[in-house]
Amino acid sequence: MILPILVVAPSDKRGRGIFASEKIPSHTVIEISPVLVLSEKDRKLVEKTLLFDYIFEWGDKRKKACIALGYLSLYNHAYNANCDYEMDFTTNLMSIKTVRIIKKGEELFINYNAVADDATPIWFDAK
């Protein structure tokens, strides 16, 4: 499920991103998508490819990874994100929910640290 008011469009200095074509209320689930789960062994292989920047850590021990379908891998990172994501390891689904009101035309961001306001440096900022 992807709300039809989400649009993939160019994002300043970030390639592509996800944008709202109309106002979205706070705490709205905007996407629920399946994931393809990679074993720990497969994760190590994928981390050597272009897909490294698009996978999510997966599982209670975070040893596995997943490739998220839908728009999930296109949400850009922000330390003060306007959306949050949730992982369901039982059903192999991820969901995205707004954490505040989103304005029409605004880009939607998730925090790659898995918490909307976690300021811990991520891999591409830590270099």
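Quick check: is even one residue across segment 2-11 touching a residue at least 60 places away in the same chain (Cβ under 8 Å), loosely packed, with under 14 Cβ neighbours inside 10 Å and in contact with a Lys or Arg (Cβ under 8 Å, 6 or more places away or on another chain)?
Taking every residue of segment 2-11 in turn, at least one turns out to be touching a residue at least 60 places away in the same chain (Cβ under 8 Å), loosely packed, with under 14 Cβ neighbours inside 10 Å and in contact with a Lys or Arg (Cβ under 8 Å, 6 or more places away or on another chain).
Tell me whether segment 76-91 contains one or more residues that are over 24 Å from I2 (Cα atoms), surrounded by fewer than 18 Cβ atoms within 10 Å (Cβ to Cβ), of a type outside the set (V, I, T) and free of Cβ contacts under 8 Å to residues at least 40 places away in the same chain.
No, every residue in segment 76-91 fails to be over 24 Å from I2 (Cα atoms), surrounded by fewer than 18 Cβ atoms within 10 Å (Cβ to Cβ), of a type outside the set (V, I, T) and free of Cβ contacts under 8 Å to residues at least 40 places away in the same chain.
Any chance you could count how many residues in segment 89-100 are under 14 Å from the mean Cα position of the chain (by Cα) and either farther than 11 Å from I110 by Cβ or of a type in the set (S, T, Y) (or both)?
3
Among the residues of segment 37-47, count how many are under 19 Å from I122 (Cβ atoms) and either out of contact with any Phe, Trp or Tyr (no Cβ under 7 Å at 6 or more places or on another chain) or among the acidic types (D, E) (or both).
2
Please state which one of I55, I32 is β-branched (V, I, T), crowded, with 17+ Cβ neighbours inside 10 Å and under 20 Å from M1 (Cβ atoms).
Just a single option satisfies the conditions, and that option is I32.
Laboratory data are not the source of any read-out in this text; all were calculated from the coordinates shown. Given the structure is predicted, the values throughout are model-derived calculations rather than measurements. Because the Cβ atoms are built from the backbone with ideal geometry, glycine has one as well, and the counts that use them run over all protein chains shown.
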